[in-house]
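To start, the structure under review is shown below, and the notes come after it.
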């Protein structure tokens, strides 16, 4: 009895000394979104579901958010089920398969397009717009198909479910043979290199957004609703009609899309850009910063322009051109009347100052160069008794050449004289091309053979007859510089004397080389077309009909 009692007591002691073990509770797992077969869509909407799209972005619009989500979910379901996962690229998917997908979309949804005034049935829309709509949403199915293959690779090949084939529970439309072939394909060296390259590209995205499934569109509507609610709460009169707030700027949605539920930004890079956005907003309010087109607050804060095919902070469906409009060319910015008047006034002042400075320099140069034997002079066009020693022979009918003229020859194939002209040393270029060392610039004064072709034809001059009063290039070897033909009229006879170029007769009075005075202004007028640098001419006082006093009155 004692033994039994002792045994019983031992047992009781053992029971009291051992602590109670907690009862194992089943672990609660987070409910994750699983693939859908869209059976609910058929049950909820037995007929076709009406959905409206805008004509600009071809995106679904309207307050029926659930229908829009169902539309995208159904397209994702078609992307998982219809094309084979063994096809490498969406471009290789057959046109027949894409057409089956499109017909499946039309069987479930009744599509309308809203052009701003009314809703138009899809079959009544322009053919080009229909093709554009079809191409856009078929490509969306292709993107969901590519994402499906990526998820299979990440989860069932490299992830924590690599020992659980997806065709067992989650994706029953897959079979064992297809899955094994897909695994072999994804483990090939080519696919591995693609995977590594994609991961490296994604690593450069330092500011990923954390929007929900609806993206920026849902976020934008959420911000608008919050602003509207704030206005309602701030209003004292419940019957007051509060206008809807304007949509948020894209820098506002960009910041909001990168906030954690705790209110902090996702990483330091986003925090830095958000701080720059706040500073630019303050500068815009004070007037020290003015956003201009594509250089708005977000672009300046990030420091990089948007990609041409997508715009940051506004969601899908926009390109840079469709969102910002056509970019103006450099130098075509609009200028107000006041700015234009200020520019013109400034240009006038600069031109007047330059003209005054040049005129003063010319007058001072003329004053200091008087008596200088090397100073060139342009003689008056009036007759002068000072030239009683030499007169230029005007006997053109005898083939005589004028003072300073040269003979211009061509070879076709024999050398023959075609014109008389003059050599001008006015630079190394003519007609926007650089002359060679064996070329000279000439002007044609007298034409002998008008139909002869010039050695270097241009758009304006191809024949000698077209070269009158124009500068043209001529081969130096085909230019013969003539002698001066003068007549001694001082003694009353007409004896012709020949003098080599740059020389003068023995009995000639010291004077500048004789020239035909009216040809000086003519030559100057021709030369002005090719002169690009300023030239200073020292002329006799009063030759232009202006005295020094008149010049000073014009340019004080």
So, first residue farther than 24 Å from residue 107 by Cα in the range 75-96, second residue assigned to a loop (DSSP other than H, G, I, E, B), Cβ within less than 6 Å, six or more apart or across chains; the pairs are 87/93
**Message:** Just to be sure before I move on: is residue 271 free of Cβ contacts under 8 Å to residues at least 24 places away in the same chain and in contact with a strand residue (DSSP E or B) (Cβ under 6 Å, 6 or more places away or on another chain) in the structure I sent?
**Reply:** yes
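Here's the yes/no breakdown for (1) closer than 30 Å to residue 292 by Cβ; (2) under 25 Å from the mean Cα position of the chain (by Cα); (3) assigned to a helix (DSSP H, G or I); (4) at pLDDT 65 or above:
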position: 322; (1), (2), (3), (4): yes, yes, yes, yes
position: 335; (1), (2), (3), (4): yes, yes, no, no
position: 354; (1), (2), (3), (4): no, no, yes, yes
position: 358; (1), (2), (3), (4): no, no, yes, yes
position: 363; (1), (2), (3), (4): no, no, yes, yes
Scanning for something in contact with a strand residue (DSSP E or B) (Cβ under 6 Å, 6 or more places away or on another chain) and in a helix (DSSP H, G or I), does the range 139-152 turn up at least one residue?
no
Residues of the range 413-425 being under 52 Å from the mean Cα position of the chain (by Cα) and either under 19 Å from residue 462 (Cβ atoms) or surrounded by 15 or more Cβ atoms within 10 Å (Cβ to Cβ) (or both), in sequence order, are 421, 422, 423, 424
Note on the range 414-454: residues closer than 14 Å to residue 479 by Cβ and in contact with a helix residue (DSSP H, G or I) (Cβ under 7 Å, 6 or more places away or on another chain) are 418, 419, 424, 438, 439, 440, 443, 444, 454
| Just wondering, is there one or more residues in the range 130-138 that are touching a helix residue (DSSP H, G or I) at 6+ places or on another chain (Cβ under 7 Å) and closer than 29 Å to residue 166 by Cβ? | yes
Over the range 428-482, the set of residues under 20 Å from residue 412 (Cα atoms), assigned to a loop (DSSP other than H, G, I, E, B) and more than 45 Å from the chain's Cα centre (by Cα) is 448, 449, 450, 451, 452
| request: Report yes if residue 123 is part of a helix (DSSP H, G or I), exposed (fewer than 14 other Cβ atoms within 10 Å of the Cβ) and in contact with a helix residue (DSSP H, G or I) (Cβ under 9 Å, 6 or more places away or on another chain), otherwise no. | output: yes
Per the list (1) at pLDDT 85 or above; (2) in a strand (DSSP E or B); (3) out of contact with any helix residue (DSSP H, G or I) (no Cβ under 7 Å at 6 or more places or on another chain), residue check on residue 485 breaks on (1)
Sole miss for residue 312 among (1) under 30 Å from residue 67 (Cβ atoms); (2) at pLDDT below 90 is condition (2)
Residue pairs within 6 Å by beta carbon, gap of at least six or interchain, first lying in the range 307-319 and closer than 11 Å to residue 294 by Cα, second part of a loop (DSSP other than H, G, I, E, B), listed first then second, are 311/318
Only one of (1) over 17 Å from residue 178 (Cβ atoms); (2) in contact (Cβ under 8 Å) with a residue 40 or more places away in the chain; (3) under 37 Å from the mean Cα position of the chain (by Cα) does not apply to residue 145, and that is (1)
In the range 104-120, residues that are surrounded by fewer than 17 Cβ atoms within 10 Å (Cβ to Cβ) and under 36 Å from the mean Cα position of the chain (by Cα) total 4
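Yes/no per residue for (1) touching a strand residue (DSSP E or B) at 6+ places or on another chain (Cβ under 9 Å); (2) modelled with pLDDT of 55 or more; (3) part of a helix (DSSP H, G or I):
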position: 27; (1), (2), (3): no, no, no
position: 57; (1), (2), (3): no, yes, no
position: 70; (1), (2), (3): yes, yes, yes
position: 79; (1), (2), (3): no, yes, yes
position: 83; (1), (2), (3): no, yes, no
position: 86; (1), (2), (3): no, yes, no
position: 102; (1), (2), (3): no, yes, yes
position: 110; (1), (2), (3): yes, yes, no
Can we say residue 216 is touching a helix residue (DSSP H, G or I) at 6+ places or on another chain (Cβ under 6 Å) and at pLDDT below 90?
yes
Looking across the range 220-252 at residues that are in contact with a helix residue (DSSP H, G or I) (Cβ under 6 Å, 6 or more places away or on another chain) and modelled with pLDDT of 90 or more, the single one that is nearest to residue 61 (Cα to Cα) is 248
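The values are calculated or read from the model by the stated rules, or taken from the named source; none is laboratory data. Note that the structure is predicted; figures quoted are calculated from it, not measured. Every residue, glycine among them, receives a Cβ derived from its backbone with ideal geometry; neighbour counts consider all protein chains shown.
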